[in-house]
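Inspection log for the structure reproduced underneath, given as structure tokens.
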Amino acid sequence: MEEYKTLLASKTIWGGIIALAAGIAGLFGYSVHPADQATIVEVGTALASAVGGGLAVVGRIKATKKIGKQ
């Protein structure tokens, strides 16, 4: 593997977080079906991508220096 991505772009990380949260919820009497967990992972990944894209655009708009060679 030569390519990199952020932690929030990783479905494995999201899946682990959701599985951990579902396990903790189970301790308190709540039940999260595996199909619902998969849906939450997909939604979480999409939200993370949207937030990341939005932050990139806002960051570029608020930037005080040009992009280019030095």
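The values are calculated or read from the model by the stated rules, or taken from the named source; none is laboratory data. What you are looking at is a predicted structure, and each value in this text was computed from that prediction instead of being measured. As a convention, Cβ positions derive from the backbone with ideal geometry for all residues, glycine included, and neighbour counts pool all protein chains shown.
When each of A9, A46, A35, A25 is tested for being at pLDDT 80 or above and surrounded by 11 or more Cβ atoms within 10 Å (Cβ to Cβ), the lone residue that passes is A25.
Figure legend. Inter-residue proximity from segment 9-35: first residues in contact (Cβ under 8 Å) with a residue 12 or more places away in the chain, second residues surrounded by 10 or more Cβ atoms within 10 Å (Cβ to Cβ) and assigned to a loop (DSSP other than H, G, I, E, B), beta-carbon distance below 6 Å, spacing 6+ or different chains. Indicated pairs: A22/V32. Figure legend. Inter-residue proximity from segment 36-51: first residues touching a residue at least 24 places away in the same chain (Cβ under 8 Å), second residues basic (K, R), beta-carbon distance below 7 Å, spacing 6+ or different chains. Indicated pairs: V41/K11; T45/K11. Suppose the filter is surrounded by 10 or more Cβ atoms within 10 Å (Cβ to Cβ), of a type outside the set (S, T, Y) and at pLDDT 85 or above; does L20 pass it? The answer is yes for L20.
Do we find that I67 is of a type in the set (V, I, T), loosely packed, with under 12 Cβ neighbours inside 10 Å and modelled with pLDDT under 80 in this structure? The answer is yes for I67.
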